[in-house]
């Protein structure tokens, strides 16, 4: 008999502030889809609020997941995708960059808040119910996004519910292994994530053997020497498994795509160095480099690289 699931939804709610999802958002969404659509036992979503951590029923969370994908334009057709159209025009040399208008940053913030309120409204605003008093007995608390673990109130309620077992996903411990690649704030935040995992987790999910080794070592340094671990490859959204029709506009160009947050640990500097050499050797015949991703907090703004095609999220 399957145990009830209490799924942490804080990252999914905060994800509505962004125009497009990050990798960790996509992973969180796929796990949420699996549990809320397929889990045979009860499944509720947990969320920290001003009046404590509350839980929300299955149908309310499913409505939120549907709207979130709409806000992220995950269901938009290629011929309606403005970013894809822009990349095509850049590859063809027809695109003319626009000068950012005064107040545009404020407009971005307003749109982010609007998306957030849109997501809240479609789920029908509710105070929910206290997780301490109302989460089903002997539930399994699942936290996939890891980021929220840096906030004490996300998991502190587990102290009052010893019957609830918790399963966390730790994606990596790179900030602890290579602190020179992150800010001091990022280093401390990741340390708190691992600290709380060591204190509260009944089991772990990791995405690779390398991540497993690194995570277990970080936990051993914190006195946690034994914990069940499952190594599970990251889930792939169904859209990425579908075979697309041939795009004749893109077929006319040579290009390479790199996707991920633009930050030092992703080593874009090495890739740009490679492209600099390609452009030096091949000139106009060099393939274009399409860099897809938002700027991370440690990414300094710089002039566009020769041969690079930049893309701003929708």
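Out of 12, 17, I need the residue that is in contact (Cβ under 8 Å) with a residue 12 or more places away in the chain, surrounded by 20 or more Cβ atoms within 10 Å (Cβ to Cβ) and more than 22 Å from residue 163 (Cα to Cα). Which one? Even if it seems obvious, please write down each step before you answer.
Values: 17 fails: surrounded by 20 or more Cβ atoms within 10 Å (Cβ to Cβ).
It is 12.
Can you name the residue in segment 280-297 that is without any contact (Cβ under 8 Å) to a residue 60 or more places away in the chain and either within 23 Å of the chain's Cα centre (by Cα) or closer than 18 Å to residue 257 by Cβ (or both) and, of all such residues, is surrounded by the most Cβ atoms within 10 Å (Cβ to Cβ)? Write out each step before concluding.
Quick first cut of segment 280-297, residues without any contact (Cβ under 8 Å) to a residue 60 or more places away in the chain only: 280-287, 289, 291-293, 295-296.
Next cut, either within 23 Å of the chain's Cα centre (by Cα) or closer than 18 Å to residue 257 by Cβ (or both) only: 286-287, 289, 291-293, 295-296.
Working: 286: 17, 287: 15, 289: 22, 291: 20, 292: 16, 293: 20, 295: 12, 296: 17.
Ranking the qualifying residues of segment 280-297, first place goes to 289.
Within segment 219-229, is even one residue at pLDDT 90 or above and assigned to a helix (DSSP H, G or I)?
As a first pass, look at segment 219-229 and keep what is at pLDDT 90 or above: 219-229.
Retained after the next criterion (residues that are assigned to a helix (DSSP H, G or I)): 219-220.
Checked segment 219-229: at least one residue is at pLDDT 90 or above and assigned to a helix (DSSP H, G or I).
What are the residues in segment 162-206 that are surrounded by fewer than 16 Cβ atoms within 10 Å (Cβ to Cβ), free of Cβ contacts under 8 Å to residues at least 60 places away in the same chain and closer than 19 Å to residue 234 by Cβ, if any?
Within segment 162-206, 203 is the sole residue that qualifies.
Looking for whichever is surrounded by 12 or more Cβ atoms within 10 Å (Cβ to Cβ), modelled with pLDDT of 85 or more and in a helix (DSSP H, G or I) here; the options are 111, 33. Which one fits?
33
Kindly indicate whether residue 227 is under 30 Å from residue 132 (Cα atoms) and buried (at least 18 other Cβ atoms within 10 Å of the Cβ). Break it down stepwise before answering.
On the way: under 30 Å from residue 132 (Cα atoms): yes; buried (at least 18 other Cβ atoms within 10 Å of the Cβ): no.
In short, no.
Conditions (1) surrounded by 21 or more Cβ atoms within 10 Å (Cβ to Cβ); (2) touching a residue at least 24 places away in the same chain (Cβ under 8 Å); (3) within 19 Å of residue 144 (Cβ to Cβ); (4) out of contact with any helix residue (DSSP H, G or I) (no Cβ under 7 Å at 6 or more places or on another chain), marked per residue:
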residue	(1), (2), (3), (4)
1	no, yes, no, yes
22	no, yes, yes, yes
58	no, no, yes, no
73	no, yes, no, yes
88	no, yes, no, no
95	no, no, no, no
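Restricting attention to segment 207-216, which residues are in contact (Cβ under 8 Å) with a residue 12 or more places away in the chain and under 23 Å from residue 263 (Cβ atoms)? Talk me through it step by step, then tell me what you get.
Let us first name the residues in segment 207-216 that are in contact (Cβ under 8 Å) with a residue 12 or more places away in the chain, namely 207-209, 211-212, 214-216.
Residues satisfying the conditions are 207, 208, 211, 214, 215.
Is it true that residue 230 is closer than 20 Å to residue 169 by Cβ and either free of Cβ contacts under 8 Å to residues at least 12 places away in the same chain or over 19 Å from the mean Cα position of the chain (by Cα) (or both)? So that I can check it myself, show each step before the final result.
On the way: closer than 20 Å to residue 169 by Cβ: yes; either free of Cβ contacts under 8 Å to residues at least 12 places away in the same chain or over 19 Å from the mean Cα position of the chain (by Cα) (or both): yes.
The answer is yes for residue 230.
The values are calculated or read from the model by the stated rules, or taken from the named source; none is laboratory data. Not measured: the values here are computed from a predicted model. Quick reminder, even Gly has a Cβ in these numbers, built from the backbone with ideal geometry, and neighbours come from all protein chains shown.
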